Structure formats: structure tokens, C-alpha cells
Amino acid sequence: MRKQIGQISVDSGLVMIGDPCYVIHTDKPKEQLGKNWKEFCKIIGDKDVTNFSHRQQDGEMATVLYTPWGDGVYPIYATYSKNGRIKKVEIVF
């Protein structure tokens, strides 16, 4: 089963997917993300997708991607398994 579970409001033309414990509520933000918004945008540049890796773990800390239409409100859908657990999430641009 697939159903809309929310929507994301985008004002920067970017979407970030990641574990929030790595990017918010920390005394010292991760240096890979830059020191401020300007530095963050410089790191991303014009690449469609940027992955921010952990220094000591497998997987990505966060993945940032440009939306194809820039700013806007985009629906988020979840596909559920037979036992009712979310198995897939989609953001539709």
C-alpha cells in the first residue's frame, strides 16, 4: 500500500536526507557540512547530489540533492509492507 504521509516545504532548492542526530542539537556541527550556510552551499556547488560521509562509519551522514523545480512544496509518500511497516519513502518533485 502507498499513501501520502506528509509534504516538505523547500526554500533553498535543496532537500537533505539523513539522521538528525548528526546535524542538529550538537555543540559542534560536523565540519564536513561547513561552518555556515555560505560554506555549506560552496561545498555542494552545482552537483545534483552531494553525499556527506562519516569519518569512522559506513554509510552516509547525509545526502543533499537539488530539487528539479527549485522552491516549492513536495508530497512525501510511503509504501508499506504486508505487515504494515514502511519499506520505501518517496519525495515527488
Worksheet entry | Point-to-point label distance, residue 24-residue 12, nm (Cα→Cβ direction, 7 Å offset) | 1.2
Worksheet, complete the sentence: Mean accessible area per residue over the chain (1.4 angstrom probe, all protein chains present, square angstrom) is 76
Practice prompt. Keeping the other protein chains in place, figure out the carbon and sulfur percent of the accessible area of the chain, with a 1.4 Å probe.
Written response: 51
Worksheet item: In terms of the Cα gyration tensor, with a ≥ b ≥ c the square roots of its eigenvalues, is the chain rounded because a/c is under 1.5, prolate because a/b exceeds b/c, or oblate?
Response: oblate
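Quick check on the chain: helices-only [θ] at 222 nm, where DSSP H runs of length 4 and up contribute -39,500 (n - 2.57) each and the sum goes over total residues. Nearest 500, please.
-2500 deg cm²/dmol
The values are calculated or read from the model by the stated rules, or taken from the named source; none is laboratory data. Just so it is clear, the model here is predicted, and its values are computed rather than measured. Backbone-built Cβ (ideal geometry, glycine too); neighbour counts: all protein chains shown. Just the protein is used for accessible areas: all its heavy atoms, side chains included, with ligands, DNA and RNA removed. Shrake-Rupley method; radii C 1.70, N 1.55, O 1.52, S 1.80 Å.
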